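I have placed the structure first, in the form of structure tokens, so that the comments after it can refer back to it.
The values are calculated or read from the model by the stated rules, or taken from the named source; none is laboratory data. Because the structure is a prediction, the values reported are computed rather than measured. In this analysis, Cβ positions are derived from the backbone assuming ideal geometry, glycine residues included, and neighbour counts consider all displayed protein chains. With ligands, DNA and RNA removed, areas are computed over all heavy atoms of the protein, side chains included. Shrake-Rupley method; radii C 1.70, N 1.55, O 1.52, S 1.80 Å.
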Amino acid sequence: MPSYVLSDRCDGCQGREPVCAQICPSDIMTLDPEHNRAFNREPDACWECYSCVKSCPQQAVEVSACADVVPLGGRVFPQCDEDSVTWSVQLRNGVNKQFTYPTRTIAEGAIAPYAGKPQADLSKIDQAGFFTTVGKLPTP
Amino acid sequence: MGNLANPEIVQIDTDILIIGGGMAACGAAYEARAWAPEGMRILLVDKAALARSGAVAMGLSAINVYLGDEDPADYARMVANDLMGITRDDLTYDLGRHVDDSVHLFEEWGLPIWKQPGDEGKSLREGGQPVRSGRWQIMIHGESYKPIVAEAARKALGEENIQEHVQIVKLLLDANHDNRICGAIGLSARTHTVFVYTAKAVLLAAGGASNIFRPRALGEGTGRTWYPPWSAGSTYAMAAEVGAELTMMENRFVPTRFKDGYGPVGAWFLHYQAKATNCRGNLYMTTNQHLLDDYPPYGQSEVPATCLRNHLMLHEMRDGRGPIYIRTDTALQARARLHEEQVGQQRAQALNAELEAHAWEDFLGMCTPQAGVWAGENIEPEKSPSELMPTEPYLLGSHAGCCGLWVSGPADIAPPEWQWGYRSMTTVEGLFSAGDGVGASGHKFSSGSHAEGRIAGKAMVKYCLDHADFTPTPQQSPAQCVDAVYAPVRVYLENKGYATSDAVNPHWIRPDMLLKRLQKIMDEYVGGVSTQYCVNDQMMRTAIDKLQLLKEDARRVRAKDLHELMRAWETTHRILVGEAHARHMLYRKETRYPGFYYNMDHNFIDEHNWKCFVNSKIDPTTGEWRCFQKAHQDLIPKSL
Ligand SMILES: Cc1cc2nc3c(=O)[nH]c(=O)nc-3n(C[C@H](O)[C@H](O)[C@H](O)COP(=O)(O)OP(=O)(O)OC[C@H]3O[C@@H](n4cnc5c(N)ncnc54)[C@H](O)[C@@H]3O)c2cc1C
Ligand code: SF4
Ligand code: SF4
């Protein structure tokens, strides 16, 4: 069920590192240097994870359900906003659905992982518990 | 700058090396940085991009381990029963008492967690009540779960201490100490560079193993596996190669999932109370209940072990009563009727729309391709049921499986046989693991893997403090490291041009063919889908013989570019995992996991002789495998 790139939308990220190639967990999306457009170089190893789809600034990547298994004509496409994602689902028979879900309560880039956390107390490194643990952990 | 024939060598020295960027690795980064004194160097290396790497790439709809008011001892009991009695209570109890803090952090970092009506504004830490989909699971809006956890890890370590798109292919043993780790070798997926890392402590958290067995799909769909295709079993393979003890590699997970899209069933069974039926509409879990009595006590607990639930389904399918359906339709219609009874038809409309949205979210935010199957097949879950199917086997230690590395347990719980100095350390000095990497436990899932990574991260800091004067010295020279990593490239360069096309050449094997041969051997002789998970001793001996030839041929795997070089290494790792699986299964003379596999020569559970761990070890100098028993003990009474 592989991703594919629309010829008339992809601009090759204009000479910067292609975002889709950067994010693909399996090193599948890559740039075709001749045409300066991205493509899926290994469709039968694609997890259809949508990471490339969600990250493309041109909305140039889509996913086609795998042809050896699923009938043609469905479409599942996400529109990512700052704190939500809206999915458009189109069934083969033409029925359309749209769903919006929250994705985060803190803006991307604004996480402060140690804010308000205690300093680790090295004298406790031999005891069970995280640096954030208050009190003593139970034992069986 | 290097090129294909002559890659550049870059050596990087660090104190702690974290291999992987998934849930466990991100947890380790966060906790280790908090304990590490200034100046202690921590480097994280991931073969992909942290924001979407690992098994959580698509997001998740539930956090499967959050204890809240539950007792960690009960959690340990549940894990033990689900894995047919053979787990380590020290590891599972320890996880249970630590895990909630990671979930609290996720919420603080912005992960939306479903709350009970009235508690919407209240965090879990403040006592806000989550919506549970089961005794241990809570529901989340988890599409961005991984980017959130990754951002926290990235900020904790600092941008300069994270390397992405570098695949680790081998661990390095120290020249001056027996059985001690001193670093790793990696290859860049972007430039012709071989990285030689030296480190005092190494965390190997590169996830579990998919694609060891032939998947059910035949063409494009072969990438649409249940566990992601990039989970190459590198954790088990690289550790085994340097002599770390493996445990329970005979354990596998055969998830029953929505057919073809691999959509998870958890929320459907637990949250929506959907039922599964055979072709006649019968509830086979009820009609086949007596089969559970063959496997006391694991079949008779309130929730029978996962493999036994498969066992009942396979019984139906073998007797010709498939397909098996999950009745999403009746489950959602029942809810809709309930809404109407409670608030009247008018107001129920909004609730039912929400119900439909949640039903789709379960897949859109965790297993999007299942929504693609529904779309292509015109399935609306409130109108028609979906098919279920047990999948090809997977090997992992964090989900409903327990294969992995044998690690040292917590000092205040583990008996002496189960601890040797540093929590989470393998039997190789300085080599640690977490998440899918740690065996004999299981049911850690995303939150537990993060927590276990944190536990390991803290222990690694202690290890580095205690071994401040250790200077890692690899046995291999940098040039030897390059030769090892780029061997598949050399095979290509030396033989290209022999035939008019690169597609077929008798002097090499392509990485994709190497993988297909492994999958065919495993499928046909080690209990894949084509034999309905049935094996016998002779089949497994045959498999092991064939795998020896495959390993010889793996030395002739070709790589014509960096992408193929990554695939060549992934498959090389997978072959070793497949061999470990076959050797362990052959060694265990019983069928411990009916429903996951059946050894027809020993198709019974033998509590007297085999309620024990099976561990194995490769001698790193001779390459010889040895399987052996390790005694099991219950630290927590199980009869309750
Ligand atoms: C479909 C599906 C549904 C799931 N549902 C749930 C759920 O509902 N709730 C829940 O809590 N859990 C769920 N899980 C389980 C959860 O995702 C895992 O338990 C968890 O991700 C394991 O963490 P890990 O760190 O061990 O591995 P991963 O998160 O998989 O991370 C492995 C990391 O190692 C990297 N890596 C691999 N090889 C190398 C190498 N050679 N060199 C460098 N880096 C490497 C990868 O890029 C990745 O970053 C689900 C998993 C799947 C696949
Ligand atoms: S991210 Fe989009 S625009 Fe950029 S290269 Fe990929 S497909 Fe093209
Ligand atoms: S869908 Fe996922 S696996 Fe497939 S190319 Fe895109 S990012 Fe890679």
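Quick check: residue separation of A:Val134 and A:Lys117 times 0.36 nm, minus the Cα distance between them. What number comes out in nm?
Additional length available on full extension: 5.0 nm.
To the nearest 20 debye, what is the magnitude of the charge dipole of the range B:256-390 about its Cα centre, counting +1 on the Cβ of each Lys and Arg and -1 on the Cβ of each Asp and Glu?
Magnitude of the dipole: close to 200 debye.
By per-residue mean of other Cβ atoms within 10 Å, what is the highest-first order of A:90-97, B:128-135, B:559-566?
Result, highest mean first: B:559-566, B:128-135, A:90-97.
Taking each residue of A:90-97 in turn, how many C-beta atoms of other protein chains fall within 10 Å of its C-beta, and what is the average?
The per-residue average across the peptide is 4.
Which whole number in µm²/s is D for the range B:396-507 by Stokes-Einstein, with the Kirkwood Rh taken over Cα pairs at 37 °C and 0.692 mPa s?
190
Over the whole of B:562-570, what's the average partner chain Cβ count within 10 Å per residue? Rounded to a whole number, please.
2
Compute the long axis of helix B:445-466 from its Cα atoms, compare it with the longest principal axis of the Cα atoms of chain B, and write down the angle in degrees, 0 to 90, nearest 10.
30
For the range B:486-609, what ratio Rg/Rh do Cα atoms give with a Kirkwood hydrodynamic radius?
So for the range B:486-609, dividing Rg by the Kirkwood Rh gives 1.11.
Could you pull the Cα extents of the range B:224-334 along its three principal axes, largest to smallest, in whole Å?
54, 34, 28
Taking every pair of alpha-carbon atoms in the range B:133-191, what share in percent sits in each 10 Å bin, from 0 to the bin with the longest distance?
All Cα pairs, binned at 10 Å, distribute as 17, 24, 30, 20, 8, 0 percent.
Which GluC sites (Glu not before Pro) from the range B:101-188 combine a DSSP loop assignment with at most 10 other Cβ atoms within 10 Å?
Hits after loop and neighbour filter: B:Glu120, B:Glu126.
For the range B:543-640, just run the numbers: alpha carbon Rg, then divide by 2.2 N^0.38 Å, N being how many residues it has.
Ratio of Rg to 2.2 N^0.38 Å for the range B:543-640: 1.42.
Helix B:89-108 versus the longest principal axis of chain B: what angle, 0 to 90°, nearest 10, using Cα atoms?
Relative to chain B, helix B:89-108 is tipped by roughly 80 degrees.
How about chain A: what cysteines have no other cysteine beta carbon under 4.7 Å from their own?
Unpaired cysteines in chain A: A:Cys10, A:Cys13, A:Cys24, A:Cys46, A:Cys49, A:Cys56, A:Cys66, A:Cys80.
Can you compute the radius of gyration and Dmax for chain A, using only the Cα atoms, both in Å?
Final numbers for Rg and Dmax: 21.6, 65 Å.
What number results when the radius of gyration of chain B, computed over Cα atoms, is divided by 2.2 N^0.38 Å?
0.94
At a probe of 1.4 Å, how much accessible area disappears from chains A and B on forming the pair, both sides counted, to the nearest 100 Å²?
Interface between A and B: roughly 6700 Å².
Using a 7 Å offset from Cα along Cα-Cβ at B:Asp412, what residues in the range A:111-125 end up with backbone N under 14 Å from the label point?
Of the residues in the range A:111-125, A:124-125 have backbone N under 14 Å from the label point off B:Asp412.
Treating each Cα of the range B:315-391 as an identical point scatterer and ignoring solvent, apply the Debye formula and state log10 I(q)/I(0) at q = 0.20, 0.23 Å⁻¹.
Those come out to -0.92, -1.07, one per q.
Under a crude label model (7 Å from the Cα following the beta-carbon direction), how far is B:Glu126 from B:Val343 in nanometres?
So the two model labels end up 2.4 nm from each other.
Please report, in whole Å³, the volume per residue of the convex hull around the C-alpha atoms of the range B:84-129.
Expressed per residue, the convex hull around the Cα atoms of the range B:84-129 is 104 Å³.
Can you give the average number of partner chain beta-carbon atoms within 10 Å of each beta-carbon in peptide B:139-145, as a whole number?
Mean partner-chain Cβ count within 10 Å for B:139-145: 5.
Å³ per residue of the Cα convex hull, for the range B:256-390?
Here the figure is 115 Å³ per residue.
Calculate the spin-label point distance for A:Ala67 paired with B:Gln633, positioning each point 7 Å from the Cα along the beta-carbon direction, and give it in nanometres.
Placing both labels 7 Å along Cα→Cβ, they lie 6.1 nm apart.
Can you pull the semi-axes for the range B:458-556, root of five times each eigenvalue of the Cα gyration tensor, sorted largest first, whole Å?
Rounded to whole Å, the semi-axes are 35, 28, 11.
Can you compute the FRET efficiency between B:Leu4 and A:Leu6 using 1/(1 + (r/R0)^6), with r the Cβ-Cβ distance and R0 = 30 Å? Round to the nearest 0.05.
Efficiency for this residue pair is about 0.45.
Given a Förster radius of 60 Å and the C-beta distance between B:Met513 and B:Ala350 as r, what FRET efficiency does 1/(1 + (r/R0)^6) yield to the nearest 0.05?
0.65
Given R₀ = 22 Å, what would the calculated FRET efficiency be for B:Ala175 paired with B:Glu624, taking r from the Cβ atoms and rounding to 0.05?
My answer for the efficiency is 0.50.
What ranking, highest mean first, results for peptides B:276-288, B:521-533 when packing means the other Cβ atoms within 10 Å averaged over each residue?
Going from most to least packed, we get B:521-533, B:276-288.
Against the globular-protein guess of 2.2 N^0.38 Å, express the Cα radius of gyration of the protein assembly as shown as a ratio, rounded to two decimals.
So the protein assembly as shown has a normalised radius of gyration of 0.90.
Would you mind computing, in nm to one decimal, how far apart the modelled labels at B:Lys496 and B:Ala334 are, each placed 7 Å from Cα along Cα→Cβ?
6.1
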